[in-house]
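*Asks:* To start, I am sharing the structure in question, which I have written as structure tokens.
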Amino acid sequence: KNQVEQSPQSLIILEGKNCTLQCNYTVSPFSNLRWYKQDTGRGPVSLTIMTFSENTKSNGRYTATLDADTKQSSLHITASQLSDSASYICVVSANNDYKLSFGAGTTVTVRA
Amino acid sequence: DTEVTQTPKHLVMGMTNKKSLKCEQHMGHRAMYWYKQKAKKPPELMFVYSYEKLSINESVPSRFSPECPNSSLLNLHLHALQPEDSALYLCASSQDPTLFEKLFFGSGTQLSVL
């Protein structure tokens with residue numbers, strides 16, 4: 001069964017600090033991995049997407065890494081801002097499956 | 001225009017009401033999706049439309065009825081819903097139904113069933 005697990009479930013950080021979110025998956029055969037940011041009551045917004053051959057992708061202060069051998073990904077947020085408070089969802093797709101596998105998300109709260 | 005627009009943003013309805021959710025995109029995408037998301041849970045796929053035809057129905061109860069009038073519009077007709085159907089309903093689109101990585105989500109409709 002294709003699964004995506006994220007950790008931690010939630011975290012609180014001070015404004016200006018960095019943090020790293022983790023995503024482990026068992027989706028196979030792997031097609032791509034995407035990180036989304038979702039504000040409460042809003043739709044997810046794409047941050048990064050990586051295929052098998054990519055191991056790092058940046059989008060402003062967000063940097064995602066992918067280790068396809070260990071089936072792990074991370075999302076690093078640099079110099080956090082209050083607006084970074086949101087749920088961050090790891091989504092993995094398989095080559096032979098129309099369905100995306102969603103992680104449960106990590107809720108990030110940035111405090112002043 | 002890289003947006004998926006959903007209306008209304010909020011909807012409160014009784015169990016005997018009939019209502020519709022609307023979704024619109026003008027990116028020329030040929031696949032459109034409905035997802036249901038309960039609080040603090042990941043989105044769950046409901047329906048997939050590919051080239052204006054329903055291609056996937058994830059065993060959704062018949063009280064949810066999707067419709068795709070044209071390549072830019074997607075509706076979800078609601079009838080005789082239950083309180084447990086209260087959730088955030090997300091519309092999404094992608095360029096091609098086989099390229100799931102190019103998924104754009106709307107802001108959602110927050111539905112409350114009383």
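Read-outs throughout are calculated quantities, based only on the coordinates presented, and are distinct from any laboratory measurement. Predicted model only: the values in this text are computed from it and were never measured. Here Cβ is always computed from backbone atoms with ideal geometry, including for glycine, and neighbour counts include all displayed protein chains.
*Asks:* Anything over 20 Å Cα to Cα? Flag those among A:Lys1/A:Lys57; A:Lys37/B:Lys38; A:Lys71/B:Lys41; A:Lys17/B:Lys41; A:Lys99/B:Lys36; A:Lys99/B:Lys18, in the order listed.
*Replies:* Result: A:Lys1/A:Lys57; A:Lys71/B:Lys41; A:Lys17/B:Lys41; A:Lys99/B:Lys18 exceed 20 Å.
*Asks:* Hey, what do the phi angles of the range A:102-110 turn into as Karplus ³J(HN,Hα) couplings, whole Hz, using 6.51/-1.76/1.60 and θ = phi - 60°, x for Gly and Pro?
*Replies:* 9, x, 6, x, 10, 8, 9, 10, 9
*Asks:* Let me know the Rg and Dmax you get for the range A:45-112 when you use only its Cα atoms, in Å.
*Replies:* 13.1, 45
*Asks:* Using the reciprocal of the averaged 1/r over all distinct C-alpha pairs, how large is the Kirkwood radius of the protein assembly as shown in Å?
*Replies:* Every distinct Cα pair counted, the radius reaches 18.1 Å.
*Asks:* Please find, in a Gaussian network model of chain B (springs between Cα atoms separated by less than 10 Å), the residue of B:Lys19, B:Lys40, B:Lys53 whose mean-square fluctuation is greatest.
*Replies:* B:Lys40
*Asks:* Residue by residue through the range A:46-56, what is 3J(HN,Hα) from phi via Karplus (6.51 cos²θ - 1.76 cosθ + 1.60, θ = phi - 60°)? Round to whole Hz and write x for glycine and proline.
*Replies:* Karplus values, whole Hz, x for Gly and Pro: 5, 9, 8, 9, 9, 9, 4, 7, 9, 10, 8.
*Asks:* Using the charge dipole of chain B (Lys, Arg: +1 at Cβ; Asp, Glu: -1 at Cβ; taken about the Cα centre), state which of B:Pro97, B:Trp34, B:His77 has its Cα farthest towards the positive end.
*Replies:* Going by the Cα projections, it comes out as B:His77.
*Asks:* Taking the Cα centre of each part, how many Å lie between the range B:61-92 and the range A:11-90?
*Replies:* Using only Cα atoms to place each centre, the spacing works out to 29 Å.
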